[in-house]
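S.K.: Before anything else, here's the structure in question.
The values are calculated or read from the model by the stated rules, or taken from the named source; none is laboratory data. For clarity, every value in this text was computed on a predicted model and none was experimentally measured. FYI the Cβ positions are ideal-geometry reconstructions off the backbone, even for glycines, and counts take in every protein chain you see.
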Amino acid sequence: MADLSVLMSLYIKEKPEYVEECFQSLLRQTVPANEWVVVEDGPLTDELYSVLEKYQKEHPGLIKRVPLEKNQGLGLALRAGVPECSNELIARMDTDDICREDRFEKQLAVFEKEPELDIVGSHEDEFEDTPDQIVAKRTVPLTDKEIKKYQKRRDGFNHVTVMFKKKAVLAAGNYQSCPLMEDTYLWARMMMKGVKCRNIDESLVFVRIGKNMYERRGGWAYFKKYRQGFKMVYSTGFISWFDYASVITIQFIVALVPTSIRGWIFKKMLHRKKKA
């Protein structure tokens, strides 16, 4: 096992079978983590509590549970979880996604080779039903310079693939509440602090995307929330007014086009279709 904490947030609407798949992928790691920090973002269902209790019983000392009285949202849930991580290196994970078996081994090797790094992520493969049926792939830039340039307009990291140093996250003010983009807001503040970044040129996480994802990412209410979140990113000083205006204009168009067209944009342009 490695001195590594896995940071996850779990809320009431998660499906127990998805959590099981996620946990099993963590157990199958060629270099497993020695701590899972699970933030319970408000009360959960009996089925979800049963999953947590099952894995606590089967793997004593592995899971640290951080219960929150009320649902806070992802940003504040992760904010509560970071200080609870016992290790300096923290791997983010969503409870409905699946890690490739060598994910942690690959990322830890990069940190060992380049100890000055603060964040290491990767590409992600996206699926709807099973991870052997990939529908799209989100690729990200690889080098520190490329990532920081890319971050001006789009996220230079896939959030659920990152492994980062606890001290770097806390030095930037930790996660904070930011509509739709708690990760974007954190990356901007961390980059303003001069963190060193890297992405691995492989997909190390299989990300579950719901079939109604493209519908959820549209409409006036969604756009207003997106604009509110991105305005917080702009307030950091990391991006220019031109960057802000350009992104908001594009997002306005994408949010208000019909769902079928939005789906085409995501699959063909933003998250490109994976080649057979």
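S.K.: Has region 167-181 got at least one residue that is within 21 Å of I98 (Cα to Cα) and either outside the structural domain of R79 (by TED's automatic domain parsing) or buried (at least 20 other Cβ atoms within 10 Å of the Cβ) (or both)?
M.R.: no
S.K.: If the Cβ limit is 8 Å and pairs must be 6+ apart or interchain, which residue in region 56-80 that is free of Cβ contacts under 8 Å to residues at least 24 places away in the same chain and surrounded by fewer than 18 Cβ atoms within 10 Å (Cβ to Cβ) pairs with which residue that is part of a loop (DSSP other than H, G, I, E, B) and among the hydrophobic types (A, V, I, L, M, F, W, C)?
M.R.: Taking only residues 6 or more apart or on different chains, the pairs are Q56/L62.
S.K.: Ok, one more. Quickly run through region 129-145 and pick out the residues that are exposed (fewer than 15 other Cβ atoms within 10 Å of the Cβ) and either touching a helix residue (DSSP H, G or I) at 6+ places or on another chain (Cβ under 9 Å) or not polar (S, T, N, Q) (or both).
M.R.: D129, D132, K145
S.K.: If you check Y55 against the conditions, is it of a type in the set (S, T, Y), closer than 11 Å to L10 by Cβ and either in a helix (DSSP H, G or I) or assigned by TED's automatic domain parsing to the domain that holds M8 (or both)?
M.R.: Working: of a type in the set (S, T, Y): yes; closer than 11 Å to L10 by Cβ: no; either in a helix (DSSP H, G or I) or assigned by TED's automatic domain parsing to the domain that holds M8 (or both): yes.
Answer is no for this residue.
S.K.: When only residues in region 1-42 that are in contact (Cβ under 8 Å) with a residue 12 or more places away in the chain, in a helix (DSSP H, G or I) and of a type in the set (D, E, K, R) count, which is farthest from G61 (Cα to Cα)?
M.R.: Among those residues, the one meeting the criterion is E21.
S.K.: Is it true that I12 is surrounded by fewer than 15 Cβ atoms within 10 Å (Cβ to Cβ) and of a type in the set (A, V, I, L, M, F, W, C)?
M.R.: yes
S.K.: Just one of V205, V195 is over 17 Å from the mean Cα position of the chain (by Cα), surrounded by 20 or more Cβ atoms within 10 Å (Cβ to Cβ) and not assigned by TED's automatic domain parsing to the domain that holds Y18; which is it?
M.R.: From the options V205, V195, the qualifying one is V195.
S.K.: Within 24 Å of S25 (Cβ to Cβ), without any contact (Cβ under 8 Å) to a residue 40 or more places away in the chain and either charged (D, E, K, R) or crowded, with 19+ Cβ neighbours inside 10 Å (or both): does that describe D155?
M.R.: Working: within 24 Å of S25 (Cβ to Cβ): yes; without any contact (Cβ under 8 Å) to a residue 40 or more places away in the chain: yes; either charged (D, E, K, R) or crowded, with 19+ Cβ neighbours inside 10 Å (or both): yes.
Yes: the conditions hold for D155.
S.K.: Here's a follow-up. Six or more apart or on different chains, Cβ under 9 Å: which pairs go from a residue in region 215-229 that's under 13 Å from Y185 (Cβ atoms) and at pLDDT 65 or above to one that's surrounded by 13 or more Cβ atoms within 10 Å (Cβ to Cβ) and β-branched (V, I, T)? Could you list them?
M.R.: Close Cβ pairs (under 9 Å, with a partner that is surrounded by 13 or more Cβ atoms within 10 Å (Cβ to Cβ) and β-branched (V, I, T)) amount to Y226/I248; G229/T184.
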